[in-house]
Every structure is written in structure tokens, then in C-alpha cells.
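The values are calculated or read from the model by the stated rules, or taken from the named source; none is laboratory data. Here the structure is a predicted model, which is why all the values come from computation and not from measurement. All Cβ positions, even for glycine, are placed from backbone atoms using ideal geometry, and neighbour counts span all protein chains on display.
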């Protein structure tokens, strides 16, 4: 049954009591936060049927109502993209002693078809301890946390940060064929991003199967998402006269070869440290393999064990997978063209050209053309300094006593790649705990644990306050 308004807030309050040091502050306004989160999820911001600008205008109104001056809020809409609005806001330090901190979040979501979902994807449902809805996990929960925090800090009597606090809620992270909001702001409104570092999505926390918090993650680096195209062309002809040189058969043979391609393992320093911390906690075959690789990154037996788990295999090597096919022009004609799109997640330090060469070698057919689609640059991992990690560890200890903090590289890609490319260290930090794979981000019936979201709200507020005190 769907719960809304005060009743839901009361239920959530009973479910989760924040740490003593934050209890009074966090319980006040919890229902307002939930209402904000609900509005964000229920505003369709998908590329096919939605509008980021509609949500951005609402956010702008909330910021104005909270007392932000005109010069400290901006709605930025790229030309010819009226629905791809972005909003930025700044809380100014009276006497800044260092560059500011950026709170980054994208508000666009992937498409969701109502007929496929058990519930309306653009209605926030709360059932059995979970919030359901498109964007519930990726990433309107964290976007709502940032906005809620900015408005409360602006209205807080006596709040005098030592550095500027900037928030950017952007559009275009989930699409490759539209203008990316972060990239656009960096190019045309760079002043908003004159900061020391940024907090972004990208890492959460790992729960055991029975719901115990095991490890809090902080993202330090990500793979590059590079798209490749395979194409076979042929003169074609009448389907009554089949010939061996069939474009579809050749393409299928090529994709089968790609499916068997395994790129070499690359154990980065960040992944090695993640395995070192997480292995003993997980235990079992996977945990032992993590510990073994942390001790010896060349341990082939341990790497084989981890390769069998898609989650851990993805952070150990470059991966390529076929995601789209397009072939033929008529049911009674031999195909003149067959194309496949590959989604490759490329390890840091590996160029798209190196991946292209590996694909060509695996396919071993000169008639299959391999092309790089919109070449993308990678980035290096940001440094996990004491300035960054000190507040994270302190707040983790307050919210999740005894739970270690582990750095990690994510297999996906975020808008952090643009900031890192511009020289702005960017860290994925959400504090949202989940059992591996349960949120089904980008998939059907996307969800996030209610308790996890509220704990993340407490945690992130403590971290941000420490960064700007």
C-alpha cells in the first residue's frame, strides 16, 4: 500500500532513529524531505517522455523560497534543448579560506514503460521497507538529499561556512546523444565549478543478505564508457538465391567471437585496497579470492574465482558486450548491411584504440568494420587524502559503528568523468546501503531501502558540514 505525507513520515521515524548527535536536527523536517523526494521521483525526467526543466523550475522556486539571492541561483538550459534544464546554487562563505565544495547530482533518468513495471514507474511507492520508482535509487534520492541540505543550511541561523558550498543538479547523464549538463556548464559557465573537489554518486554501502552493514564504499575512479560499432556490408540480392557471404551471418560470427573475448585483468591500487578490506568481511570463496588478489594481484586462481562474479569481474578488466542490432532491409532480400553496437567499459590507462585492436583481433574478419563511436577520454583516480577521508570515517563511525570504509572503482560511468577531466577531484559517496544487485538500477521496479536512504541523509549532512566548517 502506498504511504504518503505525515503517515509515511511517522512510519519512517519509527523505523529509523538517527544517531544521538544528529537526532534533533534530522527528525525535524523528515516529512518535508520525503515530500521533496516524492516530487522528484514523480516528475518524469526521462529522455523520451519527460522534462528535466520542469523539475529544475520547481527546484529553483524552492531555493528562492529558502532565501537564495538571484545571483546565487541559476537555471542553465542549453540552446535547442528546452527540456534539458540544469540548476546551480551557491551558499557563499563570509570569508572563504579555501576553494569550495561541489555537491553534484543528475536528475535525468532512463526511460521506463508502464506496461513493463508492476507499479507506475513515475509514482513513488513505499512497500515492505523499500521505495519504488524510476530514479528512486539512481539518483533522485541523493539529489533530494543535496537540495534538502542546501535549503536547510541557507535558513540555519549562525551557519557560517569556511568555504563556498555549491550544488548542481544536472541533466543528460543517462543519455549519450544529448547535451550533457556537467560538460555544458564546464564549457559555458565554468565559474560555478571553481571548487576544490566534488561529491557525486557512484558508491554506496554493502549489506549482508540479512541486512547487516558490511562496508561503506567511496568511489575513487571509474571506467570509461566507450561505444563501438561493428558493421558488415554486402551487395545483397534476392533471398531465393542465398550465398555464403551473408552480412548477418558474418556479423553474428563476429559477435560470437566478441562474446568469447576476455581482456586481461588489471588490478588497480584502488581495487586492491577494496579487496584487502572487504575480503575478510565477506569470507567464503569470494572473500578468500579477494584477499588472495590483494596479497598477489597475479594470483590466477583467485582471479578466476572473481571473474565468475559479474560484479567483481567488471572492476578487474575491460568488458565489451553487444547491446543493439540492426540488419537487413526487407524480408525477401539478402541483407546489404548488418550492424551491432558494443558497450565497452574500459579500464583506466587503456585507450579506445587498444580496445579496437583487441576487438579486430578477436573477430579476425577484415570484412567486419570496427569503429569507435564518439571517442571518449578516460581519467585517473583522485587521491584519497586525509582532508577527504577524515570526515567520511568520522561520520561513518557515528552512523555505522565498526563498519570500515573502502575505496572502490566503479564499472559504470558518471558525470564525474567530466569534472576529473577538468582537474576537479570527484568522489562517489552516497552512504546508501544495499544488498548487491537488489536496487535493479536502470531496470524494472527500481528500488532503494527506506532505512538506507534516511541513514544516507544523516551521513551526508555530517560529512558536508565537516568539509565546510
Could you tell me which of the residues 225, 238 is closer than 25 Å to residue 372 by Cα and either touching a residue at least 60 places away in the same chain (Cβ under 8 Å) or in contact with a strand residue (DSSP E or B) (Cβ under 6 Å, 6 or more places away or on another chain) (or both)?
225
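Specify the residue that is modelled with the lowest pLDDT; the eligible residues are those in the stretch 196-246 that are assigned to a loop (DSSP other than H, G, I, E, B) and within 24 Å of residue 349 (Cβ to Cβ).
Just the residues of the stretch 196-246 that are assigned to a loop (DSSP other than H, G, I, E, B), to begin with: 201-204, 208-212, 223, 234-236, 239-246.
Filter once more, keeping what is within 24 Å of residue 349 (Cβ to Cβ): 201-203, 223.
On the way: 201: 96, 202: 87, 203: 92, 223: 93.
It comes out as 202.
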If I ask for residues that are farther than 20 Å from residue 268 by Cα and out of contact with any helix residue (DSSP H, G or I) (no Cβ under 9 Å at 6 or more places or on another chain), which ones from the stretch 378-411 would you list?
386, 393, 397, 401, 402
Looking only at the stretch 191-222, which residues are assigned by TED's automatic domain parsing to the domain that holds residue 170 and without any contact (Cβ under 8 Å) to a residue 40 or more places away in the chain?
191
Just to check your reading of the model, which residue among 452, 436, 430 is within 17 Å of the chain's Cα centre (by Cα), within 22 Å of residue 139 (Cα to Cα), modelled with pLDDT under 95 and assigned by TED's automatic domain parsing to the domain that holds residue 170?
436
Which ones in the stretch 412-435 are touching a helix residue (DSSP H, G or I) at 6+ places or on another chain (Cβ under 6 Å) and surrounded by fewer than 19 Cβ atoms within 10 Å (Cβ to Cβ)?
422
For residue 354, indicate whether it is in contact with a strand residue (DSSP E or B) (Cβ under 8 Å, 6 or more places away or on another chain) and without any contact (Cβ under 8 Å) to a residue 60 or more places away in the chain.
no
Search result, residues across the stretch 77-90 that are touching a residue at least 60 places away in the same chain (Cβ under 8 Å) and out of contact with any helix residue (DSSP H, G or I) (no Cβ under 6 Å at 6 or more places or on another chain)
81
Name the residue that is nearest to residue 414 (Cα to Cα), counting only residues in the stretch 348-372 that are at pLDDT below 95 and surrounded by fewer than 18 Cβ atoms within 10 Å (Cβ to Cβ).
348
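For the condition out of contact with any helix residue (DSSP H, G or I) (no Cβ under 8 Å at 6 or more places or on another chain), assigned to a loop (DSSP other than H, G, I, E, B), at pLDDT 95 or above and in the same structural domain as residue 184 (by TED's automatic domain parsing), what is the one hit in 138, 108? I'd like the intermediate steps shown before the answer.
Numbers: 108 fails: out of contact with any helix residue (DSSP H, G or I) (no Cβ under 8 Å at 6 or more places or on another chain).
Criteria check complete, one pass: 138.
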Can you pull out every residue in the stretch 37-76 that is over 21 Å from the mean Cα position of the chain (by Cα), closer than 30 Å to residue 156 by Cβ and not in a helix (DSSP H, G or I)?
66, 67, 68, 69, 73, 74, 75, 76
